[in-house]
Structure formats: structure tokens, C-alpha cells
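The values are calculated or read from the model by the stated rules, or taken from the named source; none is laboratory data. Here the structure is a predicted model, which means the values were calculated and not measured. Every residue, glycine among them, receives a Cβ derived from its backbone with ideal geometry; neighbour counts consider all protein chains shown.
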Amino acid sequence: MRKSGKMVTVTAAILAAGVLALTGCQANANAGGDTAATKTESESKGTARSVQQIKDSGTIKIGVFSDKKPFGYVDENGAYQGYDVYFAERIGKDLGVEVEYVPVEAASRVEYLVTAKVDIILANFTVTKERAEQVDFALPYMKVALGVVSPDGALITEADQLNGKTLIVSKGTTAETYFTENQPEVKLLKFDQYSEAFNALLDGRGDALSTDNTEVLAWAIENNGFTVGIESLGSLDTIAPAVQKGNTELKDWLDNEIKTLGEEEFFHKNYEATLAPVYGEAADPENLVVEAGVVE
Amino acid sequence: MQDLGISVLFQGRNFVRLIEGLLITLRISFISVGISIFLGVLLGMLMSIKNPVIKAITRVYLEAVRIMPQLVLLFLVYFGVTKAFKVHLSGEVSAIIVFSIWGTAEMGDLVRGALASIPKHQYESGMAVGLTKLQIYLYIIIPQTIRHLIPLAINLITRMIKTTSLIALIGVVEVVKVGQQIIEAARLTEPSAALWIYGTIFLLYFLVCYPISLLSAKLEKIWQN
């Protein structure tokens, strides 16, 4: 028995060594399999790249949404499209580099910048105080406010018309806070999910529905018989490109770029190319587009 | 609007993109499964050793990996490693590392369980007929362990394949993510696309996982004799 005990210990030691060696091999193999990616990435090492470094490398990495039409999405041919992507293409052109798109999710946008896995985030990124502590925002290129959609038969075009009526909102949205604080006369019908809220409007359980104007505009196009009577209400949120905290050089470059593009009304052209087909004639570009970073 | 949502599947490169996404899913899962089975067997044998230190270490590893959601592990490796060591890992490499860490832990525990389920008299009978230690393992213990292990391991493998849909969150565009991109791009023109695309993805997962369970059933049958 004692002998076999010894044998077990020896085997264990050999195995342990083996496991260590194997994990080592595995890491090496992984690194080998992805040399191209690791090579270019290792240069940046977690710190953001300067404009010169981006130019020298020949590619800029821009984080965009891949499933948020019409801001950032992938078309049926696998190409990135949308309002954010249109701008990203222009950034690439003006820097004289190729654009490498990195698909990001809403929740991980900040992390991508903190770890320098992308140079810029252009993913419908709303400027907030909390986020501004972790990343640096350049000048805005878009704005969102609340929109109110209602049935054509009883269209609501002024916020005052809502007094005494039932308004459908989603819990935790800006719409809920805005109406609770500013128009307590409006009866609110609250839902957990967007889809439930929109279905409630379809069923006639409320007189109107309010959420981000981009959302209601897109929804009204899909659903005949409903129109966005109020396109812009409440406090304006801006959407801007973001860079890693402290990467002032790239931020300044972006600020300049946005100002220069304002002279040729670039974002209106962008609107025509990407948002107009989705929001249709009904929407007014002035409610969404920000030119040269100036918000009135 | 009158079109069936299925037409979305054949617009442009959509179907090819789904297949490409599936190949990424398969590449990541099979590499991780391979690594997990190999390291898991070793880990399971380690865990069977009656040494308090080894037992404590393996136990902590197993429980830590089990308690932590795979998503947290993915974020830890993908973003955390960059923050802590300033090393950039691509999404795919991070995914393989995380799924190997998880798979090894789960596989190790399965192997430990299978080994523990072999009654002591099997070892003793072997010794009684004069077999060496190696022979006992080779001819008595390992074949029985494998037989116990197959259904459990298959379960783990299919679970790993399905869990890879999480890697979309670290920027790897696998089959489910491609599906969501297609659905979202067609949202306004083909609202019924979601049903067809998710139906197709369901079929693709089935086509991948079903042969694996067929194989396991066959192996079980062969080894029964």
C-alpha cells in the first residue's frame, strides 16, 4: 500500500508538470494562430494610439454597432452601413487610412476604449456625465430628444394636448422621468419592455406613446395609421464620437474634422443617404442632425 | 410586405454569412472541446488523488469557474487581461481560452466522478490475477470510465457549442450574431424575417449537435459488448 501511495504522488507530480507544460503550449499555439492580429495590436499595449500612429499603421479601428439600423448595421452583402458608418468612412478617407470596423455592444462600448481595442467609438453613443468620466467625447454629430407617436385619427401635435390623457412609456426611460417631472397631469401607463409598450399603443390602451424620437420615427414608418406628432420634446441629448480618456490629440483632430465637415453640410448629406430612407418624408432632419458640433 | 420572410435568407450573401458564422462557432467550440477533454482527463485524474493540497487547489479552481458566469469570464479575459498585463488578445483567442478553462473544469469533475464510480474491487481483482498497475488501468479502469463518461461528456460538448453564442459580446461575429444583423437590417422591409432566421439557426445547431449525440449512442452500444 505504501508503495502504491508513492507511485500516485509521482504520477501526480508528472501530471502536474504536464498540465503546466500543456497550458504553456496552448498559450503559444493560440498566439501563433493569431500572429497577424496580435502583432498589430501589441504595438498599442492598452494605451490609445496617436493620430500619427494610426496613419503609420494604415488602418483605424472604429467601434460601431452591427445590428442597430439605421445607425450602424451590416447589409445583406456583409458590408457595414448606417449614419455612424457613413461618418466613419469619411474619417478614414480624411486620415488616409483604411477603416477596420469592430462590432460592439451597447454595454461594452466604454471598455473597448479603456482597453484601446478601438481608436474611436462611433456607436450612437449618447453623451452623459457618467460616461464623460471614463471616455473623452468629441463634438456631437447628432441629437436625440423625446418623440410622441399617436394614431392618425387622434393625432397629438402639442405636449399640452396630452393633459388628462393616457401616455404609454417604458420604465426607466427619459420619457418616464420627463413627464413625471414636467407634466404630472399626464396619466402614465408604464411597461417593462419596448415591445409591450408599442403593442399597448396598437391595442388602443393609451392615447399616445413617448420614447426616443429615433425609435418612434422608425416605428411609425412600420405601422400604418400612426404618426409622430411631436418629433422633439424635452431635454436634448447629444451623440458624439468618443476616444480613450486623455487621447486629446485624436479628440482635437475629430473636433476639427467635425467643424470642417460643417462647412459642406456633411451630416445633412449623411442624413439623406442613411436616415431619410428609414424615417421618410415625415421626419425633419433638423431634429436629428448636428452640423459642425453646434447644438442650438 | 407580401413576400415571405424566408426570402431574406437568400438576399445577397445572407445565407453564406450565416454559414460563415456557423464555421466560427464550430471552430471555437471544437478547439475548446479538444483542449477541455485532454486537460479535463488529466485534471480528473489529479482530482482523484487523495492529497489534501491538490484536492483544495482543484476544488477552488472548479468551484470558481462554476460559480462565475461564462460572460464574466469572457469579459475578464478579453478586457481584463489587456488592463492588467497590457496584452491584447483577439476575441477568438479569448473565447477559446475561456471555454477551455470552463470545459476543463467541468470535464475534470466528470472524469473524477467516473473514476470514483469504479468500485474498489475492480482494482483489487486486477491485482489478484497478477496484473500490473498499468494493465489494470489500461484493461479494466479506463474502458469502464470511458463508458460512464460518454453521455456526460456529450452533454458538456453540446452545452459548450450552444454557449458560444455569448462571444458576440466580445466582438466575435458568430452564427447567432449574424442572424441578429440580418434580422435587424431587414426589420423595416421584412418584419417576419426573425422567425425564419431564428428557425434556420435552430436547424443549423441541430445539424451540428445531432450527429454528436448519434455518435455517442453508437459508441455506447459498441462498448456495451
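Within the option set B:I35, B:I54, being modelled with pLDDT of 95 or more, surrounded by 15 or more Cβ atoms within 10 Å (Cβ to Cβ) and assigned to a helix (DSSP H, G or I) holds for one residue only, B:I35.
In segment A:203-240, what count of residues is obtained for those that are assigned to a helix (DSSP H, G or I) and of a type in the set (S, T, Y)?
The initial filter retains those residues of segment A:203-240 that are assigned to a helix (DSSP H, G or I), namely A:213-222.
Retained after the next criterion (residues that are of a type in the set (S, T, Y)): A:214.
Number of matching residues: 1.
Regarding segment A:141-153, can at least one residue be identified that is buried (at least 21 other Cβ atoms within 10 Å of the Cβ), of a type outside the set (A, V, I, L, M), within 17 Å of A:T274 (Cα to Cα) and out of contact with any His (no Cβ under 9 Å at 6 or more places or on another chain)? Looking for residues that are buried (at least 21 other Cβ atoms within 10 Å of the Cβ), of a type outside the set (A, V, I, L, M), within 17 Å of A:T274 (Cα to Cα) and out of contact with any His (no Cβ under 9 Å at 6 or more places or on another chain), one finds at least one in segment A:141-153, hence yes. Taking segment A:58-80 as the range and being over 14 Å from the mean Cα position of the chain (by Cα), away from every other protein chain (no Cβ under 11 Å) and either buried (at least 19 other Cβ atoms within 10 Å of the Cβ) or part of a loop (DSSP other than H, G, I, E, B) (or both) as the test, the residues that pass are A:G58, A:I60. Being surrounded by 14 or more Cβ atoms within 10 Å (Cβ to Cβ) and at negative phi is the filter; apply it to segment A:285-296 and report the residue that is modelled with the lowest pLDDT. This residue is A:N287. Taking the criterion of being surrounded by fewer than 23 Cβ atoms within 10 Å (Cβ to Cβ) and touching an Asp or Glu at 6+ places or on another chain (Cβ under 9 Å), the residues of segment A:240-249 that qualify are A:K245, A:G246, A:T248.
Restricting B:I182, B:I197 to those that are in a helix (DSSP H, G or I), within 11 Å of chain A (Cβ to nearest Cβ) and not hydroxyl-bearing (S, T, Y) reduces the list to B:I182.
Counting residues in segment A:150-160 that are assigned by TED's automatic domain parsing to the domain that holds A:E249, in contact with a helix residue (DSSP H, G or I) (Cβ under 8 Å, 6 or more places away or on another chain) and in a loop (DSSP other than H, G, I, E, B) gives zero.
Of all residues assigned to segment B:138-145, at least one qualifies as being under 23 Å from B:T58 (Cα atoms), touching a residue at least 24 places away in the same chain (Cβ under 8 Å) and assigned to a helix (DSSP H, G or I). Annotation note: Cβ proximity below 6 Å between a residue of segment B:146-162 that is surrounded by 15 or more Cβ atoms within 10 Å (Cβ to Cβ) and a residue that is not in a helix (DSSP H, G or I) (sequence gap 6+ or interchain) occurs for B:H148/B:S117.
Six or more apart or on different chains, Cβ atoms under 6 Å: show the pairs whose first residue is in segment A:266-281 and free of Cβ contacts under 8 Å to residues at least 60 places away in the same chain and more than 14 Å from chain B (Cβ to nearest Cβ) and whose second is loosely packed, with under 15 Cβ neighbours inside 10 Å and of a type outside the set (V, I, T). Note: no pairs meet the criteria. The single residue among A:Y112, A:Y83 that is within 11 Å of chain B (Cβ to nearest Cβ), surrounded by 24 or more Cβ atoms within 10 Å (Cβ to Cβ) and either of a type in the set (D, E) or more than 18 Å from A:Q52 (Cα to Cα) (or both) turns out to be A:Y112.
In summary, A:E257 fulfils each of the numbered conditions (1) acidic (D, E); (2) buried (at least 20 other Cβ atoms within 10 Å of the Cβ); (3) touching a strand residue (DSSP E or B) at 6+ places or on another chain (Cβ under 9 Å); (4) not in a strand (DSSP E or B) with the single exception of condition (3). Here A:A175 fits the description: buried (at least 21 other Cβ atoms within 10 Å of the Cβ) and touching a strand residue (DSSP E or B) at 6+ places or on another chain (Cβ under 6 Å).
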